[in-house]
Amino acid sequence: GNCVSFSDTGNGKQLYECPMCSLTCTNIQILEEHVDLHLEEHSFSEGGNIGDLELAQWLQTEEDKWQRSEEEKQEREEFKKLQRQYGLDNSGGYKQQFLKNMEREVDRGRMQPFEYHKRKADMMECLAFGIDDGKTKTSGVIEALCKYYQNENKDVRRVWLSTGVDHFHSSLGDKGWGCGYRNFQMLLSSLWQNSLYHDCLRDTTLIPSIPKIQSMIEDAWREGFDPHGASHFNNRLHGSKAWIGACEIYSLLTSLRIKCQIIDFHKPTGPMGTHPRLFEWVLRYYSTDSEGGAKVVCTSKPPIYLQHQGHSRTVVGIEEKKNKTLCLLLFDPGCPSQEMQKLLKQNSDGTSLKLLRRFVGGLKEKQYQIVAVDGVLSMEEKAARCCASQVLTAEKIP
């Protein structure tokens, strides 16, 4: 009988062949329309070589085959996406991406070969020592904000700020996946300024490079932290482009004896998918040890790591407006230095602050997690938290 032939062109495209005239189509819908035209031309039931019922069954089989191949294609895509997210697609990590992106710049005439060689040498040296090259760093923003708020008298009633935080943004080496690591660098830059944490950070180079942070997380896993999370990454981060999230930051900090907690805002707590509870939590975090009614409170608090699906940022402070609404101040690793530098200008009229400001209506992801640092752990407490991390992930906020 006239059976359809259904072949693969080698580049993943399916071909469908008409059972009546051998026309091939790449798409089941086109084929269905084409076969309908045959049917209209002359009724096959009058001695034709294929009956309506047969044709209907044949089209159904085709439809099913197409559906199956679509589902398989989607599964393959999903799997690739997961591999990319966990950095397990073997396409190399920070170093390879850095070199590849620089080569591209040279090819396009945007970078001179001598500059390429100089930057490559610098990078290799920084990686050898495990230190961030500081090329994406902006310092002094918190201090500039302090000055700005002293003189601001329009709508801010009070503002709380973290201890000095350097901003780090993603570079040629970690564009597209480095946000978790960059936020860790921001957090660390603040912890360094607080003598309470000096002992925990004794063995840590000032600001570690991304590959170094990857090794530090692997060390935490080897100590027994979060085996469930580690298994997602096949216990390997170094040399990959793996995204990390709140759990990895928690394991890393705890392994350094830095006391922190993960809080899970797993569903909106306000109208229109908003998270007012998160804003109130941040306000409590900053305002617990502030005495008196100073308008600008420069706290001794480190910044907060804020995670949602696909991206993370660093909370560096919170404003309370005169009308009682709250506004978070966020450092985003996606924001380039040129933009951050604008916040350092003395005569700032506050327009560049919209880079940092997020009101309740501006945080509408389904769920958020925060990692907040709060003191130092003894060796015993660290061991207890290591054991707990083997069964427990996050404290749920009802």
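The values are calculated or read from the model by the stated rules, or taken from the named source; none is laboratory data. Just so you know, these numbers come straight off a predicted model, no measurement behind them. Every residue, glycine among them, receives a Cβ derived from its backbone with ideal geometry; neighbour counts consider all protein chains shown. The protein model used for the area step is the full one, side chains on, heavy atoms only, and it has no ligands, DNA or RNA in it. Shrake-Rupley method; radii C 1.70, N 1.55, O 1.52, S 1.80 Å.
Taking a probe of 1.4 angstrom, what is the accessible area of TRP160 in Å², to the nearest 10? Roll a 1.4 Å probe over it and TRP160 shows about 10 Å². Only protein heavy atoms count here; under a 1.4 Å probe, MET216 has an accessible surface of about 20 Å². Peptides 195-207, 170-182, 232-244, 128-140 ranked from most to least packed by the mean count of surrounding Cβ atoms within 10 Å: 170-182, 232-244, 128-140, 195-207. Cross-link partners of LYS147 among lysines, defined as those whose alpha carbon lies under 26 angstrom from its own and excluding same-chain residues fewer than eight positions apart: LYS135, LYS137, LYS295, LYS301, LYS321, LYS322, LYS324, LYS342, LYS345, LYS354.
Oblate is the label for the stretch 272-327, because the ratio a/c of its alpha-carbon gyration tensor axes (a ≥ b ≥ c) is 1.5 or higher and a/b is not greater than b/c. Estimated at the nearest 10 Å², the accessible area of ARG277 is 110 Å² with a 1.4 Å probe.
Remark: the chain carries 51 Å² of accessible area per residue (probe radius 1.4 Å; ligands, DNA and RNA excluded). Note on exposure: LEU53, LEU256, LEU328 ranked by accessible area (1.4 Å probe, complete protein assembly) read LEU53, LEU256, LEU328, with the most exposed listed first.
The helix-based estimate of mean residue ellipticity at 222 nm for the chain, built from -39,500 (n - 2.57) per DSSP H run of four or more residues and divided by its residue count, is -13000 deg cm²/dmol to the nearest 500.
Highest mean first, the peptides 145-151, 109-115 sorted by other C-beta atoms within 10 Å per residue fall in the order 145-151, 109-115.
Would you indicate which of (i) 23.2; (ii) 24.0; (iii) 24.8 is the value of Kirkwood radius over Cα pairs in Å derived from the coordinates of this structure? The value computed from this structure is option (iii). With springs only between Cα atoms under 10 Å, which of GLU62, GLU105, GLU125 fluctuates most in a Gaussian network model of the chain? Checking each option, the largest mean-square fluctuation is seen for GLU62.
Of CYS386, CYS298, the order by accessible heavy-atom surface (1.4 Å probe, DNA, RNA and ligands excluded), from most exposed downward, is CYS298, CYS386. When the chain is treated as a GNM, springs tying every alpha-carbon pair under 10 Å, which of GLN67, GLN309, GLN193 comes out with the largest mean-square fluctuation? Answer for the Gaussian network model of the chain: GLN67.
On the accessible surface of the chain, probed at 1.4 Å, how many percent belong to carbon and sulfur atoms? Ligands and nucleic acids excluded, carbon and sulfur give 51 percent.
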